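Remarks on the structure that follows.
Laboratory data are not the source of any read-out in this text; all were calculated from the coordinates shown. Source: prediction; values computed, not measured. Glycine gets a Cβ as well: all are built from the backbone with ideal geometry, and neighbour counts include every protein chain shown.
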Amino acid sequence: MAKSVLDGIRVLDFGRYIAGPWCAALLGDLGAEVIRVEKVDGGEDRFLYPVSDQGNEADGSGAMFVQVNRNKKGITLNPTKPLGREIQDKLIATADVVCVNMPPRALEQLGLDYESLKAIKPDIILTTATAFGTKGPYAKKVGFDPVAQSMSGNMTMSGHAGDPIRSFAPWVDYGTATLAAFGTLAALIHRNATGEGQEVQGSLLGTALTNTNAPMIEQRIIATDRQATGNRGQLSAPSDLYKTKDGYIFAIVVGQPMYDRWAELMGEQHWTTEDRFGDDLSRAENGVEISARMQEWCDHKTTEEAMEILEQHRIPVGPVYTMQQALDDPHINQAGFLNEVDYPGLRKPAPVIETPVRLLGTPGEVRHRAPQLGEHTDEVLGELGYGAADIAAFREKRVV
């Protein structure tokens, strides 16, 4: 196998929850050595979606931690104590990248701001993810994924008019982490060319606004004042959720050739002869009527029957799965999306997502499970020159 893209790169992950840790995990997938630096008693994010029989004991972990901290070593450290800060500074001197998602004030208090890092390692790269960015009146505020969703306009366009709703999946967090990893790779390329480090800044609000930018541009220029339409699409039709005899499907038609195939399937001439169905936008404007016809067609079919016919007509369609149904899907299981990873205390292997982008020449991979709390503390501190007696004293003083 080809050498991993980031072999020889050391990343320190001071992150929490998703935006910082998932960024570091992606870098780890590509071959970087990633060290997760955690509170002495474990971070709050370690136990979300608890799945370990050991509960919230020192070596128990939740499902999210198992996912976003694979391919990492784990140490505990309290940098608010002088000895802890000394250890942290020594560790920084060995690193190429520091990942952290905290407000600027917290970074300064912990000595993780760019100026402090650069004083220790001049070519260091600091990758940060804040809620609102580092400029403007909200720069010092804290926030989470749903706050960015709410402020981007996304919630008012989800659900139904007058009933804003958040997305269950934290797409802002994962998107911010992915963009931060992209920025970190660019910063590493720049450093290789010039020897210069830099700060890479991601933000939850910036990620959310990226995803809602097109309708935001539309609003600024022609003030459409769009309202939410549930599952029904607003740019073409049919595009909606449809109930079958035994479940639900989502089908979407975009473009004239695909629409013509759908109209042929319905077997009624007016869908292609009336002006109000003449293009995607006019069909979207009459989407209620089109969705009603599609629903009538689905009423008499099982999910399997509806999907088979729609796929024969080359119309994009998918079943609406529960989490268990997604786990049981043969394509998901055979296409290599999930990697079965053992973790101490779990009754069965965890289906951890593989690197979500595939490099065929230098692929990323899940090489090992997430670390237990402080699992590699002795190893990492030993590399820094501390002996067993030193580390034992640090533990007694709750420095590590």
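Tabulated results
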{"quantity": "Ellipticity estimate at 222 nm from DSSP helix runs (n ≥ 4, -39,500 (n - 2.57)) divided over the chain, nearest 500", "calculated": "-11500 deg cm²/dmol"}
{"quantity": "Footprinting exposure proxy for PHE277, PHE337 (fewest neighbouring C-beta atoms within 10 Å first)", "calculated": "PHE337, PHE277"}
{"quantity": "The chain, relative contact order [Cα under 8 Å, separation at least 6], %", "calculated": "20 percent"}
{"quantity": "Entries in LYS73/LYS140; LYS39/LYS81; LYS72/LYS135; LYS118/LYS397; LYS90/LYS118 that, when Cα-Cα distance is taken, lie over 22 Å", "calculated": "LYS73/LYS140; LYS72/LYS135; LYS118/LYS397"}
{"quantity": "C-alpha center-to-center spacing [the stretch 216-277, the stretch 84-101] in angstrom", "calculated": "52 Å"}
{"quantity": "Normalised convex hull volume, the stretch 319-400, alpha-carbon set, Å³ per residue", "calculated": "160 Å³"}
{"quantity": "Cα shape, the stretch 1-109, gyration tensor, a/c 1.5 rule", "calculated": "oblate"}
{"quantity": "Principal-axis tilt of helix 171-194 within the chain, Cα atoms, nearest 10 degrees", "calculated": "60 degrees"}
{"quantity": "Quotient of Cα Rg and 2.2 N^0.38 Å for the stretch 60-154, N being how many residues it contains", "calculated": "1.25"}
{"quantity": "Karplus-derived 3J(HN,Hα), 6.51/-1.76/1.60, for each residue of the stretch 199-216, Hz, glycine and proline x", "calculated": "9, 10, 10, x, 8, 4, 5, x, 5, 4, 5, 4, 6, 9, 5, 4, x, 5"}
{"quantity": "For the stretch 280-301 and the stretch 333-400, distance of Cα centres in Å", "calculated": "49 Å"}
{"quantity": "Peptides ranked, highest mean first, by Cβ atoms within 10 Å: ranges 166-178, 242-254", "calculated": "166-178, 242-254"}
{"quantity": "Relative frequency of Cα-Cα separations exceeding 40 Å in the chain, percent", "calculated": "29 percent"}
{"quantity": "Given charges at beta-carbon only (K, R positive; D, E negative), |dipole| of the stretch 253-308 in Debye", "calculated": "60 debye"}
{"quantity": "Magnitude of the charge dipole, the stretch 125-191, Cβ model with Lys/Arg +1 and Asp/Glu -1, debye to 20", "calculated": "320 debye"}
{"quantity": "The stretch 79-236: translational diffusion in µm²/s, Stokes-Einstein, Kirkwood Rh over Cα pairs, 4 °C, 1.567 mPa s", "calculated": "73 µm²/s"}
